[in-house]
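The values are calculated or read from the model by the stated rules, or taken from the named source; none is laboratory data. The shown structure was predicted, so the numbers you read here are calculated from the model rather than taken from an experiment. Note that we place each Cβ from the backbone using ideal geometry, even for glycine, and neighbour counts take in every protein chain shown. Surface areas here come from the heavy atoms of the whole protein model, side chains and all, with no ligands, DNA or RNA. Shrake-Rupley method; radii C 1.70, N 1.55, O 1.52, S 1.80 Å.
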Amino acid sequence: MSRLYAGWGSGVLNYFDEQYTCYSVETVGMSELEMGDKVVLPVDAIQTVSRLKLEFPLFFRIAGLRGMKQRRARAEAYVKANKGKRVPKPPPSLPNNGAQFCSVLEFSAAKGAMYAPRWMMENIGVKDGGKVHVMSTFSKQVPQGQFVKFQPHTKAFVEVLGNLGPKRFLESALARRYSVLSRGERIVVQHNGVSHPITVLACRPANAVSILGSVDLEVDFAPSKEAVANGEAVLDEDDDVGKGKSNNAKKSSNKNNRSAVPLSAKPEHLDSGVDDDMARAIAMSIAEQQRKEKRWEQQEQPFRRAAECE
């Protein structure tokens with residue numbers, strides 16, 4: 001069972017916390033999910049989500065079991081510090097630290113299992129059949145994105161961008177498949193059947209940002225890793241994610257590759273941050289839970305009357 005924390009069902013801060021056995025989407029015949037950050041959780045997970053009354057859009061962080069105690073301690077400390085407050089303090093911005101942000105496409109995985117894109121599993125160092133720790137993020141911990149800077153891994157990707165233009169490519173390859181971008185993560189996008197890895201060098205206004213819904217997202221591109229390795233280009237010092245600098249640092253002065261890209265080509269149902277399948281599943285789960293509670297109440301009535309007579 002998923003862990004339920006203090007404040008369950010009362011409208012105060014709650015969070016989802018569970019361990020699953022992880023399998024790649026390709027292994028379970030769902031290879032169409034390989035391009036994107038959507039995962040599949042088991043049915044009982046949605047029951048926990050509805051009982052916890054988690055706020056939408058639902059974002060999760062997945063990671064290996066290493067560091068799980070520290071992640072739980074930080075979450076519990078935040079909940080404790082804001083207990084009873086009508087307006088909780090904004091939660092701290094979250095760096096990667098070996099974790100991966102994602103959203104849920106549907107709740108149809110086998111019990112105790114989670115299905116994720118292989119590139120995401122590689123990011124957190126988990127193989128098929130490995131254990132992962134899944135936690136939900138707090139409201140406003142993943143704000144709406146304003147600016148993202150990418151670094152292509154190959155010069156071939158740069159040529160694709162040059163032919164299509166950043167707007168068209170990102171609308172088709174990024175906006176319809178990804179929900180969250182976080183500083184330092186490697187994601188995979190696809191064009192004409194060819195996969196292209198790119199790294200997120202910076203995000204604003206936080207380390208992790210949402211790109212759900214219609215939003216004018218300003219994007220910038222650093223020289224490709226291939227070009228830097230060949231000595232054909234130099235990476236700005238502010239773009240070196242390995243140095244651990246905050247992504248809220250000053251904007252890059254290189255404006256040649258920057259453009260405001262309106263990611264408005266998403267299906268309308270993503271404006272709320274909830275996929276159609278997910279919304280239907282949540283509604284069905286809540287209705288089923290209400291039916292069960294009603295049956296339980298009816299079954300308990302004879303015992304209550306008997307107890308009153310005694």
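Which condition breaks for Ala229 when tested against (1) under 28 Å from Ile62 (Cα atoms); (2) at pLDDT 90 or above; (3) open to solvent by 70 Å² or more (accessible area, probe 1.4 Å)? Of everything listed in (1) under 28 Å from Ile62 (Cα atoms); (2) at pLDDT 90 or above; (3) open to solvent by 70 Å² or more (accessible area, probe 1.4 Å), Ala229 misses just condition (1). Scanning the range 59-75 for residues that are over 14 Å from Gln100 (Cα atoms) and under 18 Å from the mean Cα position of the chain (by Cα) yields a total of 2. Look at the range 209-226 and say how many of its residues are part of a strand (DSSP E or B) and open to solvent by 10 Å² or more (accessible area, probe 1.4 Å). Number satisfying all stated conditions: 3.
Determine whether the range 81-99 contains at least one residue that is in a loop (DSSP other than H, G, I, E, B) and modelled with pLDDT of 85 or more. Break it down into steps so the answer makes sense when it comes.
So in the range 81-99, the residues in a loop (DSSP other than H, G, I, E, B) come out as 82-99.
Retained after the next criterion (residues that are modelled with pLDDT of 85 or more): 99.
Yes, there is a match, as at least one residue in the range 81-99 is in a loop (DSSP other than H, G, I, E, B) and modelled with pLDDT of 85 or more.
Could you run through the range 159-179 and say how many residues are open to solvent by less than 40 Å² (accessible area, probe 1.4 Å) and over 16 Å from Pro197 (Cα atoms)? The total comes to 3. Considered as a group, the residues in the range 18-49 that are of a type in the set (Asp, Glu) and buried (at least 20 other Cβ atoms within 10 Å of the Cβ) include one that is farthest from the chain's Cα centre (by Cα), and that residue is Glu18. Here Val142 fulfils each of the conditions (1) of a type in the set (Val, Ile, Thr); (2) touching a residue at least 40 places away in the same chain (Cβ under 8 Å); (3) open to solvent by 10 Å² or more (accessible area, probe 1.4 Å); (4) out of contact with any Ser or Thr (no Cβ under 6 Å at 6 or more places or on another chain) apart from (4).
If the condition is being touching a residue at least 60 places away in the same chain (Cβ under 8 Å) and either open to solvent by less than 30 Å² (accessible area, probe 1.4 Å) or not charged (D, E, K, R) (or both), then the range 72-86 contributes Ala75, Tyr78, Val79, Asn82, Gly84. Of the helices (runs of 4 or more DSSP H) lying entirely inside the range 101-208, those containing at least 1 residues that are modelled with pLDDT under 90 are 155-164, 166-170.
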